[in-house]
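Trainee: I'd like to ask some things about the structure below.
The values are calculated or read from the model by the stated rules, or taken from the named source; none is laboratory data. Just so you know, these numbers come straight off a predicted model, no measurement behind them. Cβ placement follows ideal geometry from the backbone for every residue including glycine, while neighbour counts extend to all protein chains displayed.
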Amino acid sequence: MAEAAAFYILAALILGFGVLVITAKSAVHCILFLVADFLCVAALYVSLQAQFLAVIQVLVYAGGIMVLYLFVVMLVNLKRPPEAHSDPRRLGFLGLLMSVAVLVELALIVVTRWARPAAAGSGLSPDNVRQIGRALYTDYLIPFELASFLLLVAMVGAIILAKREL
């Protein structure tokens, strides 16, 4: 019962911080809400007995990636006023339709989860870290390297854009 309560509280916090990330006016506030969101996800990992993933979540995402985001936002944001017009090509109805589709999918997940209870046990083994490392550096090496390359390209692109305007 306590695990379910912790899950629902953390899920509500994660969703709340996610909404704040989207609705915040300041980019720095968005980043701080995203850090809080990542920390809540790490707490969710701890409640699922996945302490290694929680530590990696804090170190990699809440630490390293967020510092990179903050660096890029502060480097690119040169105190420009916000744009006065909205994009006429913006497809608000399509966004609303996609949001409804995602909510329907989430409802289906919840309904099927209640209809079929989970199996006993978490399925975690003592050598969880070894299995994650082996999978990451063998089966998923290309996606891992592509993700790091994309982050590097984003940082270099932000620096080039900021230098051009200085």
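Trainee: Could you tell me which numbered condition Q49 fails, if it satisfies all but one of (1) outside any helix (DSSP H, G or I); (2) at pLDDT 85 or above; (3) not hydrophobic (A, V, I, L, M, F, W, C)?
Mentor: Of everything listed in (1) outside any helix (DSSP H, G or I); (2) at pLDDT 85 or above; (3) not hydrophobic (A, V, I, L, M, F, W, C), Q49 misses just condition (2).
Trainee: Let me ask another. Any residue at all in the stretch 77-94 that's exposed (fewer than 10 other Cβ atoms within 10 Å of the Cβ), closer than 30 Å to L151 by Cα and at pLDDT 80 or above?
Mentor: Checked the stretch 77-94: at least one residue is exposed (fewer than 10 other Cβ atoms within 10 Å of the Cβ), closer than 30 Å to L151 by Cα and at pLDDT 80 or above.
Trainee: Then there is this: Let me spell it out: the conditions are (1) surrounded by fewer than 18 Cβ atoms within 10 Å (Cβ to Cβ); (2) out of contact with any Cys (no Cβ under 7 Å at 6 or more places or on another chain); (3) part of a helix (DSSP H, G or I), and L13 meets all of them except one. Which number is the exception?
Mentor: (2)
Trainee: Any chance the stretch 15-25 includes a residue that's more than 15 Å from the chain's Cα centre (by Cα) and not aliphatic (A, V, I, L, M)?
Mentor: Checked against the condition, which is being more than 15 Å from the chain's Cα centre (by Cα) and not aliphatic (A, V, I, L, M), the stretch 15-25 yields at least one hit.
Trainee: Against the definition (modelled with pLDDT of 75 or more, surrounded by 10 or more Cβ atoms within 10 Å (Cβ to Cβ) and among the hydroxyl-bearing types (S, T, Y)), how does S122 come out, yes or no?
Mentor: No, not satisfied.
Trainee: Does I56 count as in contact (Cβ under 8 Å) with a residue 60 or more places away in the chain, assigned to a helix (DSSP H, G or I) and within 22 Å of A154 (Cβ to Cβ)?
Mentor: No.
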